[in-house]
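The values are calculated or read from the model by the stated rules, or taken from the named source; none is laboratory data. Keep in mind the model is a prediction, meaning the values are calculated, not measured. Quick reminder, even Gly has a Cβ in these numbers, built from the backbone with ideal geometry, and neighbours come from all protein chains shown.
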Amino acid sequence: MSQLNTERLETMEREFADVGLRLADPAIYEDRERQVAMARRHSELEPIVASIEAWRAAQGELDAARELIAEDGSDPELAELAREATAAVTAAEEHLRAQLMPKDPDAGRPVLLEVRGAEGGEEANLFARELLDMYRTWAGGHGWRFEVLSADSSDMGGLTGAMVRVSGPDAWSRLKFEAGPHRVQRVPVTEAQGRVHTSSAVVTALVEADAVEVHLDPTELRVDTYRASGAGGQHVNKTESAVRITHEPTGLVVAMQDEKSQTQNRERAMVVLRSRLLALRRAEQAAETAGAKRAQGGGGGRSEKIRTYNYKENRVTDHRIGLTLYSLDRVLAGELDVVSDELLSDERARLLTEAT
C-alpha cells in the first residue's frame with residue numbers, strides 16, 4: 001500500500017480551517033447560496049480532518065513507544081505496547097483512506113437497466129431474456145424493487161429489448177458494472193449439428209434523472225402515438241396508447257407501449273429520455289476532460305465484451321478484472337454477487353490508490 005500524501009492532508013486541514021473561519025463571519029449569510037455551499041464543504045471535510053487527527057495521534061503514540069524501546073529494548077511490556085500502537089496506526093490509516101476515497105454521487109439512486117439482443121439473431125435474443133431473468137432474481141435477493149418499464153419479445157420467446165427500473169440500497173453501485181457487451185458461447189436450440197455458436201447481448205445502465213436535473217423543452221420534442229403491438233407485429237389493443245418521443249436536438253428516440261394508458265407510457269418515456277440525456281451530457285463532459293471514450297455498451301459485436309458465459313465449461317469470465325469462475329449455473333440463477341463483490345473490491349482498491 002502506498003504512503004499517504006501528507007501534503008494533500010495538510011491542504012485539506014488548511015481548507016477546513018479556512019471554511020470554518022468564513023462560516024463564522026456573519027457576512028457569509030448575506031449570500032445564501034455561498035453559505036450553503038460552504039456549509040456543505042465544511043460537513044464533507046469535518047470527518048476527514050477528524051480521521052487525520054486520529055491518525056496523527058496514533059502515529060505519535062507509536063513514535064513514543066519506539067523511543068522507549070530504544071532506551072530499554074529488553075522490556076516485554078514495551079514490546080507489547082509497540083505492537084498495540086502499530087495496530088492502532090494501521091487501523092487509523094485504513095479508516096482515513098476510506099474517508100479520502102471519493103464518494104459516488106449517484107449511490108442510492110434508481111437505475112434504468114436496458115438489456116437487448118445484439119449479434120447472433122434469435123440466439124442473442126434468447127440470451128438477453130436469460131440475462132434479464134438473472135438480474136430479476138439477483139434484485140430479489142437484495143430486496144431491490146424491480147419494475148419492467150418495457151419489454152419487446154421475439155417470436156421464439158427471446159428479448160429484442162427491455163428496460164427495467166431497479167431501486168434499492170447498492171443497486172447503482174453494483175448494476176453499473178453490468179453495462180457493456182455480454183458474450184455467450186453455447187449450442188443454440190436451433191443448431192441441429194451441435195456446434196457451439198457465439199452471440200452477444202448488450203446491457204446499458206443509466207442513473208434515473210428527474211425533471212429538475214434534466215429539463216425537457218416541449219418545443220424540442222416530437223411526440224407520436226400509435227397502436228401497441230406484440231411479438232410478430234400484431235396489434236394488442238385498439239387505441240393509440242403507445243408513445244414515441246423524439247428529442248430533435250440530439251435525435252434520441254424513446255418508445256413505450258407496455259401500459260394501457262397513453263399518459264403512463266408518455267411519463268415512462270420521459271423518464272427514460274431524461275436519463276439518456278443525462279448520460280449523454282456526462283459522456284460529453286468526460287470526453288472533454290479525459291479525451292474521447294468508447295460509448296457505454298459498444299456496438300454489441302463479438303469481439304467486444306466485458307463478460308463471457310461459456311455453457312459447455314460452466315464458466316463465466318469477467319474480462320475487466322481477469323476473474324474466471326466455473327459456476328455459470330449459479331451466476332445465471334441470480335448468485336451474481338460472486339462477480340459483483342470482486343468488481344467492487346477492484347474499484348475500491350483503485351479509488352484508494354488515486355485518493356491517497
Within region 288-307, can one find any residue that is modelled with pLDDT of 95 or more, within 24 Å of Gly121 (Cα to Cα) and not assigned by the TED database to the domain that holds Gly141?
yes
Do we find a residue being at pLDDT 95 or above, acidic (Asp, Glu) and in contact with a strand residue (DSSP E or B) (Cβ under 7 Å, 6 or more places away or on another chain) anywhere in region 108-119?
yes
I'd like the residue in region 256-277 that is part of a loop (DSSP other than H, G, I, E, B) and touching a residue at least 40 places away in the same chain (Cβ under 8 Å) and, out of all such residues, is farthest from Ile245 (Cα to Cα).
Asp258
Any residue at all in region 187-194 that is at pLDDT 90 or above and surrounded by 13 or more Cβ atoms within 10 Å (Cβ to Cβ)?
yes
